[in-house]
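Below is one structure, written out as structure tokens; the observations come after it.
The values are calculated or read from the model by the stated rules, or taken from the named source; none is laboratory data. This is a predicted model, so every value here is computed, not measured. Cβ atoms come from the backbone with ideal geometry, glycine included; neighbour counts cover every protein chain shown. All accessible areas refer to the heavy atoms of the entire protein, side chains included, with ligands and DNA or RNA removed. Shrake-Rupley method; radii C 1.70, N 1.55, O 1.52, S 1.80 Å.
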Amino acid sequence: MRTARLTLDPAFTVAPVPRRLFGSFVEHMGRCVYTGIYEPGHPSADADGLRGDVLELVKELGPTVVRYPGGNFVSGFEWEDSVGPKDQRPRRLDRAWRTTETNQFGLAEFSTWARAAGVEPMMAVNLGTRGLQDACNLLEYSNHASGSKFSDLRVAHGSKDPFDIKLWCLGNELDGPWQTGHKTAHEYGRLAAETGRAMRLIDPDVELVAVGSSSRSMPTFGQWEDTVLELAYDTVDYISLHAYYEEHDGDAGSFLASGRDMDLFIEAVVATADAVRARGRHSKKINLSFDEWNVWYQSRPHHMPGTEPWDPTEPDERAPRLIEDEYSVTDAVVVGTLLHSLLRHADRVHIGAQAQLVNVIGLLRSEPGGPAWKQSIAYPFERMRHLAVGEVLQVGVRSDRYETAQFGDVDIVDAAATWDEENSVLALFVANRDLSESAGVSVDLRGFASLTAVRSAEVLAAAEGQDRHTTNADQHDAVGLRPLTGVEFADGRLRVELPPLSWGVVTLHAR
Ligand code: AHR
């Protein structure tokens with residue numbers, strides 16, 4: 001048995017849990033929108049074509065903020081195509097994913113869906129093929145009440161009330177050579193600064209996210225953030241981070257330690273942003289928007305559009321099956337630890353958006369005309385979204401360690417915790433990265449005088465007859481949470497035994 005000792009104390013906190021940390025992402029890509037959240041004619045669809053079964057699952061997951069409409073898609077998006085009478089909207093070739101965009105789902109439909117789902121929209125503007133004026137036109141259409149060209153156009157299109165979108169991404173992954181309209185840091189930094197400044201003249205309340213690095217392994221990482229922030233510091237509020245992880249060549253140990261990469265990425269961006277702050281004698285701090293993260297098996301054969309020409313005769317041209325990864329028990333444990341990393345950095349990471357919500361590397365899966373279900377990775381997301389309340393706690397960890405090829409020595413037990421003082425509820429999120437041994441975790445909670453009892457204890461692990469590769473592809477509820485037994489709490493000490501390769505959550509309260 002592996003062992004770990006954790007210490008938590010209400011005096012040692014990180015920051016309040018940021019409401020926007022548990023966000024997700026809807027891109028016009030593959031089947032995220034079409035046959036994902038939107039499918040007119042589906043038995044569960046409402047009059048607007050929104051899938052009711054998917055909406056119900058989204059409400060259970062509870063993402064707080066949802067980024068839209070891309071992604072790489074946004075760098076060629078002409079937003080005017082997606083508004084107004086549906087029968088007059090043009091079909092456009094989408095260069096990012098080499099599909100035909102029908103524009104049957106657009107700005108107004110997203111706004112309706114977001115309201116129904118109870119999520120805050122996070123809108124991205126096209127700084128790939130477009131620029132300042134178009135971003136301003138879109139903002140005027142979305143947020144200005146009336147009495148101007150684009151606000152009156154929205155009203156004429158049937159949306160009397162402004163969409164009132166506060167959070168705006170100034171482009172997407174423009175550091176990447178794959179991006180339509182890829183730019184140098186200098187070109188992008190100037191464009192972001194000028195666009196953001198002009199947008200604030202239309203709506204001073206917007207919050208702006210500058211494009212950061214597409215991953216920590218980008219050759220421009222660090223220099224990109226430094227230059228962009230040097231040029232746009234006064235205008236923007238956040239800098240973005242994107243990261244996708246996968247298991248390479250059966251190296252499960254390194255894959256399970258992906259949270260270590262996320263820690264290092266976040267800490268490096270914070271250091272860079274603070275160096276620019278010091279150099280420029282700025283008083284405000286730039287916070288972080290980790291607005292694309294997940295497990296994504298990029299090296300597996302997928303249907304990824306490459307250099308093949310558009311084929312308008314393909315029956316699924318509107319919604320091809322792109323990167324529909326099926327997630328396993330192992331992936332769910334990794335996703336749990338990625339969420340731990342975000343939570344542990346809640347003092348600077350104020351926005352998180354898991355990518356993506358449905359079908360495309362999705363928390364959820366849905367079949368055209370058929371059912372919708374949760375993937376394994378949805379469970380840690382859902383539990384942490386609902387149970388991480390109050391203040392994030394510092395976690396003192398003394399854990400057995402293991403050697404990884406990518407990150408050296410790493411803790412076997414990884415954890416994050418929150419303290420809801422108002423309701424006297426402590427939530428401990430904890431993972432065992434060992435593939436074959438259980439972990440005995442002892443938690444010193446003597447500082448929490450009011451806690452008297454365990455309220456809930458659940459775990460996600462391979463059940464009997466399953467292994468670490470089991471997914472929900474065939475049996476849609478095969479992988480999920482089950483009660484964690486044998487949890488003891490006495491004299492301010494909690495004792496938990498986590499099965500091999502597992503992610504769990506224990507809450508305690510004052511009974
Ligand atoms: O989420 C899938 C794609 O990954 C997004 O479009 C892009 O921003 C990233 O490279």
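Annotations
- With contacts taken as Cα pairs under 8 Å at a separation of at least 6 residues, the chain carries a relative contact order of 20 percent.
- Separation of region 59-128 and region 348-389, taken as the distance between their Cα centroids, equals 19 angstrom.
- Take the Cα radius of gyration of region 400-511 and divide it by 2.2 N^0.38 Å, N being the number of residues; the result is 1.17.
- Only Cα sites of the chain enter the Debye sum here, all with the same form factor; the resulting log10 I(q)/I(0) across q = 0.06, 0.08, 0.13 1/Å is -0.28, -0.49, -1.29, listed in q order.
- Ranked by the mean number of other Cβ atoms within 10 Å of their residues, highest first, the peptides 454-460, 63-69, 485-491 come out as 63-69, 454-460, 485-491.
- Annotation: per residue accessible area for the chain equals 38 Å², rounded to a whole number [probe 1.4 Å, protein chains only].
- Residues within the reach of a label modelled at Q223 (point 7 angstrom out along Cα to beta-carbon, backbone nitrogen below 12 Å), restricted to region 166-184, are 184.
- Computed label-point distance, nm, for sites D161 and F12 using a 7 Å Cα→Cβ extension: 4.6
- Considering only alpha-carbon pairs that sit under 8 angstrom and 6 or more positions apart, the relative contact order computed for region 382-511 is 30 percent.
- Region 17-109 - share of DSSP beta bridges that are antiparallel (%, nearest 5): 60
- Where both bridge residues fall in the chain, DSSP classifies roughly 60% of the beta bridges as antiparallel.
- Using the Cβ of K284 as centre and a radius below 9 Å, the other residues enclosed give a net charge of 0, where K and R count +1 and D and E count -1.
- Translational D in µm²/s for region 106-213 (Stokes-Einstein at 4 °C, 1.567 mPa s, Kirkwood Rh from C-alpha pairs): 90
- Value of [θ]222 nm, deg cm²/dmol, for the chain, DSSP H segments ≥ 4, -39500 (n - 2.57) each, nearest 500: -7500 deg cm²/dmol
- Using R0 = 41 Å, the C-beta based FRET efficiency linking A405 and R455 works out to 0.55.
- Apportionment of accessible area to carbon and sulfur, the chain, percent (1.4 Å): 48
- Additional length obtainable on full extension of the chain from E230 to K59, 0.36 nm per residue less Cα span: 57.6 nm
- Order by protection proxy (mean Cβ within 10 Å, highest first), peptides 192-201, 228-237, 467-476, 296-305: 228-237, 192-201, 467-476, 296-305
- Within the shell of other residues whose beta carbon sits under 11 angstrom from the beta carbon of V389, the net charge comes to -2, with Lys and Arg scored +1 and Asp and Glu -1.
- Shape category assigned to region 331-454 from the gyration tensor of Cα positions, a/c cut at 1.5: oblate
- Applying Stokes-Einstein at 10 °C and 1.306 mPa s to the Kirkwood radius of region 1-103, computed over alpha-carbon pairs, gives a translational diffusion coefficient of 94 µm² s⁻¹.
- Spin-label pair H186/S148, simplified geometry with 7 Å Cα→Cβ offset, distance in nm: 3.3
- Remark: spin-label model distance K86-Q298 equals 3.6 nm, labels positioned 7 Å along the Cα→Cβ axis.
- Centroid-to-centroid separation of region 426-497 and region 245-279 [C-alpha atoms, Å]: 26
- Global geometry of region 10-66, whether rounded, prolate or oblate, following the gyration tensor of its Cα atoms and the 1.5 cut on a/c: prolate
- For the set K183/K284; K149/K284; K160/K183; K284/K374; K166/K374; K86/K183, the pairs lying more than 31 angstrom apart at their alpha carbons are K149/K284; K160/K183; K284/K374; K86/K183.
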